[in-house]
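The values are calculated or read from the model by the stated rules, or taken from the named source; none is laboratory data. Nothing here was measured: the structure is a model prediction, and the numbers come from that model. Cβ atoms come from the backbone with ideal geometry, glycine included; neighbour counts cover every protein chain shown. Accessible surface is based on the protein model in full, side chains and every heavy atom, while ligands, DNA and RNA are left aside. Shrake-Rupley method; radii C 1.70, N 1.55, O 1.52, S 1.80 Å.
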Amino acid sequence: FFAPPCTVQQSKLGSHRWLGALIAARRLIRCSNHPAGLTLKRMRAFAIAARRARVHAAAPRAPLSAWAGVPAAAPDPIIGLNQDFANDPSPDKVLLGVGAYRDDGGKPYVLPSIQAAEAAVIAGAPNHEYAAITGDASFCKLSLEFAYGADSAPLAEGRVAAAQVLSGTGGLRVAAALLERLPALAGKPNKPVCYMPEPTWGNHPNIFRDAGVEVRRYRYLDETTKTTLDYEGMKADLLAAEPGSSVLLHACAHNPTGVDPSPEQWADLSGALKDQDLQVFFDCAYQGFASGDAERDAYAMRKFVADGHEILLCQSYAKNFGLYGERIGALSAVCASPDEAKRLESQLKAVIRPMYSSPPIHGARIVAAVLGDPALRERWTGECKAMADRIQAMRASLKSALADHGSTKDWTHITDQIGMFAYTGLSKDQVQAMRDQFAVYCTLDGRISVAGLNESNVSYVAKAIHEVSK
């Protein structure tokens with residue numbers, strides 16, 4: 001019953017266990033010579049010990065890992081939603097969670113003006129050298145004019161600090177890092193705080209918290225209707241915000257609700273906050289895409305600047321130019337003087353350099369080609385309006401189809417809201433029921449991507465919404 005000799009590998013893995021087995025064997029032999037003799041019970045015990053030693057010696061030992069105790073992170077809700085949709089075998093399934101435009105056939109859409117601009121860029125045979133830390137200078141100039149207006153006083157006076165950034169998320173991250181440093185840079189004792197609407201884009205709090213900025217919320221969506229703006233609550237919360245804090249505002253097409261203040265409310269809010277010690281920060285991801293009119297969509301941020309606010313502005317060219325994967329955006333700040341703008345831009349460089357060093361150039365060249373060419377820009381304007389018009393048409397179709405399926409609820413908010421997303425007002429349980437019973441997928445807060453609707457599925461989606469909400 002003794003184990004066979006160890007192999008070389010076994011001896012390396014468990015030589016100390018075999019040594020224990022050999023010692024046990026020696027004791028067994030000594031015991032057999034003892035006057036009391038070797039009992040059957042003891043023989044069995046030593047046999048078991050020897051066999052265990054052999055098993056432990058033969059089993060390979062897992063290598064030590066620095067990651068052994070690391071738990072799995074919670075899945076991203078949008079990515080998880082996409083995976084659940086992909087795994088659903090239903091032939092009728094519909095995905096309304098992705099924040100990307102789709103044509104009426106449910107396919108990704110590349111704007112013809114973007115294709116023409118890209119062809120022109122490639123035909124120019126540009127090099128592939130690193131961009132400056134602040135990115136492509138031509139792109140930055142044209143991007144600022146697009147947002148602030150070509151006749152903007154701060155631009156004419158040279159008091160806007162700017163950098164090309166990695167689309168909206170990257171721009172927000174750079175801004176958050178800057179805001180985290182701001183109290184120390186300015187010699188102020190306050191801690192960095194940013195107020196965000198409730199609700200807001202799900203990644204906003206994560207970006208700012210990871211940068212070390214405390215996140216607080218202000219009222220935005222009416223608690224009673226769940227689908228309209230609580231402007232008075234929003235205004236009251238911002239007027240009560242801690243001095244020295246920053247305030248995040250959605251420039252247009254609020255994500256996830258599609259509910260925006262009216263021009264009159266924007267003007268009133270600008271006046272109310274003018275004398276407050278707050279850093280106003282606009283996140284602009286849908287200029288041109290929200291209403292189909294880039295000038296109209298820029299109203300809020302231009303009004304605040306005209307009223308004397310020195311705003312921070314983050315621009316993204318994912319939705320409105322369809323350049324999702326190119327990661328193109330701009331971050332800018334209106335300053336009091338050209339000297340202040342230069343100093344702040346140096347701080348932007350100090351944040352960007354150790355973070356990603358410099359931004360990608362291809363998408364920036366495409367955007368610059370469109371914004372810098374009157375003919376291409378006119379084409380883009382028409383195409384962007386066509387996308388916005390299709391979104392509005394799908395809103396109207398959904399509202400009409402809900403009535404056709406017998407819903408007596410008031411769905412006016414579907415057509416009153418603007419942009420890619422609609423806040424349906426569905427509860428978490430209703431959203432889950434819609435997934436389980438109809439294979440219609442949207443986020444648990446009831447937000448749907450209207451871009452995912454088309455003529456072939458809008459009636460089915462309306463039926464699903466009606467059945468779970470009646």
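Among helices (runs of 4 or more DSSP H) lying entirely in region 200-311, which contain 3 or more residues that are closer than 30 Å to D410 by Cβ and not hydroxyl-bearing (S, T, Y)?
Correct list: 231-239, 263-273.
Search region 194-221 for residues that are closer than 19 Å to R181 by Cβ and without any contact (Cβ under 8 Å) to a residue 60 or more places away in the chain and pair each with any residue that is basic (K, R) and in a helix (DSSP H, G or I) when their beta-carbon atoms are under 7 Å apart and the residues are at least 6 apart or on different chains.
Short answer, once both residue conditions are applied: I207/R173; A211/R173; V215/R209.
Which of the following residues is in contact (Cβ under 8 Å) with a residue 40 or more places away in the chain and under 24 Å from Y356 (Cβ atoms): L95, L178?
L178
Identify, by number, the condition in (1) hydrophobic (A, V, I, L, M, F, W, C); (2) in contact (Cβ under 8 Å) with a residue 60 or more places away in the chain; (3) in contact with a helix residue (DSSP H, G or I) (Cβ under 7 Å, 6 or more places away or on another chain) that A131 doesn't meet.
With (1) hydrophobic (A, V, I, L, M, F, W, C); (2) in contact (Cβ under 8 Å) with a residue 60 or more places away in the chain; (3) in contact with a helix residue (DSSP H, G or I) (Cβ under 7 Å, 6 or more places away or on another chain) applied to A131, the lone miss is (3).
If a residue has to be surrounded by 15 or more Cβ atoms within 10 Å (Cβ to Cβ) and charged (D, E, K, R) to count, how many in region 308-348 make the cut?
Qualifying residue count for the region: 6.
Search region 107-126 for residues being over 17 Å from T381 (Cα atoms), in contact with a Lys or Arg (Cβ under 7 Å, 6 or more places away or on another chain) and open to solvent by less than 80 Å² (accessible area, probe 1.4 Å), and hand back the single one that is modelled with the lowest pLDDT.
That would be P126.
May I ask you to verify whether D151 is closer than 20 Å to D297 by Cβ and charged (D, E, K, R)?
yes
Any idea which of A341, A375 is in a helix (DSSP H, G or I), over 26 Å from M394 (Cβ atoms), among the aliphatic types (A, V, I, L, M) and free of Cβ contacts under 8 Å to residues at least 24 places away in the same chain?
A375
Any residue in region 47-54 that is of a type outside the set (S, T, N, Q), at pLDDT 70 or above and farther than 20 Å from R447 by Cα?
No; the residues of region 47-54 include none that is of a type outside the set (S, T, N, Q), at pLDDT 70 or above and farther than 20 Å from R447 by Cα.
With E129, E180, E157 as the choices, which residue is closer than 27 Å to G288 by Cβ and open to solvent by 50 Å² or more (accessible area, probe 1.4 Å)?
E157
Go through (1) within 19 Å of the chain's Cα centre (by Cα); (2) crowded, with 22+ Cβ neighbours inside 10 Å one by one and return the number of the condition V367 breaks.
The single condition V367 does not satisfy is (1).
Take the conditions within 23 Å of C140 (Cα to Cα) and acidic (D, E) and apply them to D268. Does it pass?
no
Kindly provide the set of residues from region 370-394 that are within 15 Å of G452 (Cα to Cα) and open to solvent by less than 20 Å² (accessible area, probe 1.4 Å), ordered by number.
Those that are within 15 Å of G452 (Cα to Cα) and open to solvent by less than 20 Å² (accessible area, probe 1.4 Å): M387, A388, I391, M394.
Kindly indicate whether E180 is part of a helix (DSSP H, G or I) and farther than 14 Å from V367 by Cα.
So E180 passes the test.
Collect the residues in region 183-212 that are within 17 Å of the chain's Cα centre (by Cα) and open to solvent by 30 Å² or more (accessible area, probe 1.4 Å), keeping them in residue-number order.
E198, W201, G202, N203, N206, R209, D210
Is it true that some residue in region 91-106 is closer than 28 Å to I207 by Cβ, open to solvent by 50 Å² or more (accessible area, probe 1.4 Å), modelled with pLDDT of 95 or more and out of contact with any strand residue (DSSP E or B) (no Cβ under 8 Å at 6 or more places or on another chain)?
Within region 91-106 (the criterion being closer than 28 Å to I207 by Cβ, open to solvent by 50 Å² or more (accessible area, probe 1.4 Å), modelled with pLDDT of 95 or more and out of contact with any strand residue (DSSP E or B) (no Cβ under 8 Å at 6 or more places or on another chain)), the answer is no, since none of the residues qualifies.
Any residue at all in region 349-359 that is of a type in the set (S, T, Y), in a helix (DSSP H, G or I), surrounded by fewer than 23 Cβ atoms within 10 Å (Cβ to Cβ) and touching a residue at least 40 places away in the same chain (Cβ under 8 Å)?
Looking for residues that are of a type in the set (S, T, Y), in a helix (DSSP H, G or I), surrounded by fewer than 23 Cβ atoms within 10 Å (Cβ to Cβ) and touching a residue at least 40 places away in the same chain (Cβ under 8 Å), one finds none in region 349-359, hence no.
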